[in-house]
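Each remark here refers to the structure printed beneath this line.
Just so it is clear, none of the values below were taken in a lab; they were calculated from the coordinates. Values in this document were obtained by computation on a predicted structure and should not be read as measured data. Backbone-built Cβ (ideal geometry, glycine too); neighbour counts: all protein chains shown.
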Amino acid sequence: MQQTPIFQPYEFSAQDKEKLDRDGHFVLPGLLTPQACEQLTDSLSRIEDLVEAGVKDPLPNHNAAEYDSYLESLIAHPQLLTLARQVLGENIRFDHCVTLNRPSGNQGVRWHSHEYAEDDPRLGFLRIFFYVNGFELNNGNLKAVPGSHLYRDEQINAETDADLQTGWLAGKTHPHTGESLQIEALAIPPASVVLMWTHAAHAVNPRLPDSPTRWAVVYAYRNPGRPSRARWITEAYERKAIPGAEGLMSLY
Ligand SMILES: O=C(O)CCC(=O)C(=O)O
Ligand SMILES: [Fe+2]
């Protein structure tokens, strides 16, 4: 099946992959096409309406693809799978599609990391964030700590930047460069995509009052081999025949 491109022409080079592996995250600015942004905004607004209406079982934000055919069609979009495979290699599974909409006044998220195969660095877990309308500094923006992913620590947890600095970060250095680990606050233009290894320390600042909703969604893929706590799909959804997603939906 021919699908409309979602990405502008781009290159993800060997140097880009090195940077992702060194920092734990990598920004592809303005990668999404205007048409993809338009369709994503429509779909993400619909999911937000369901969330606000209190819909449950499953929660519309936890497996957004289950509620929206456009979001579902991206799970196996050839461009997205190519990007995921450039990072993870051929053998991948879909893990989750979770909306990350942040309306004005949204509190953001404290510092955390995510679990997967802490003891086996051969098993990768990649988050691919679509930041449809981007974000500015100190307003619903993503923050990360370059090099933190190399610790493969699933339990990073801090309320504030200062707590992270005096806690988990204290005395830690980048395992490759030897430099002290530091917080990096991101600002990115609309239509951007951010890749992130799942063990990276990351947090999100609150969305300021009177700001438009930050529209965002994450598609996560991983090398199979372990159970995955973030994989919120129902058994029925796992069995659903999604064109192009054959072999991607199972846990192993
Ligand atoms: O909302 C964001 O930008 C990031 C959310 C997050 O921590 C995640 O999806 O793992
Ligand atoms: Fe996260």
Just checking, does the stretch 225-247 include any residue being out of contact with any helix residue (DSSP H, G or I) (no Cβ under 8 Å at 6 or more places or on another chain), within 20 Å of Pro29 (Cα to Cα), within 16 Å of ligand 1 (Cβ to nearest atom) and hydrophobic (A, V, I, L, M, F, W, C)?
no
The number of residues in the stretch 86-130 that are assigned to a loop (DSSP other than H, G, I, E, B), in contact (Cβ under 8 Å) with a residue 40 or more places away in the chain and of a type outside the set (Asp, Glu) is 18
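So that you can scan it fast, the table gives a plain yes or no per residue for (1) β-branched (Val, Ile, Thr); (2) more than 18 Å from Thr4 (Cα to Cα); (3) in a loop (DSSP other than H, G, I, E, B); (4) touching a Phe, Trp or Tyr at 6+ places or on another chain (Cβ under 9 Å):
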| residue | (1), (2), (3), (4) |
| --- | --- |
| Asp42 | no, no, no, yes |
| Asp49 | no, yes, no, no |
| Asp57 | no, yes, yes, no |
| Glu66 | no, yes, no, yes |
| Leu81 | no, no, no, yes |
Of (1) closer than 22 Å to Arg110 by Cβ; (2) part of a strand (DSSP E or B); (3) not charged (D, E, K, R), Gln155 satisfies every one except (2)
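Kindly provide the set of residues from the stretch 131-141 that are within 16 Å of ligand 2 (Cβ to nearest atom) and assigned to a strand (DSSP E or B), ordered by number.
Result: Tyr131, Phe135.
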Log entry, pairs with first residue in the stretch 12-23 being within 18 Å of Ser148 (Cβ to Cβ), second being of a type in the set (Gly, Ala, Ser) and part of a loop (DSSP other than H, G, I, E, B), beta carbons closer than 9 Å, six or more apart or on different chains, reads Arg22/Gly147; Asp23/Gly147; Asp23/Ala200
Looking across the stretch 208-242 at residues that are within 16 Å of ligand 2 (Cβ to nearest atom) and in a loop (DSSP other than H, G, I, E, B), the single one that is surrounded by the most Cβ atoms within 10 Å (Cβ to Cβ) is Ser228
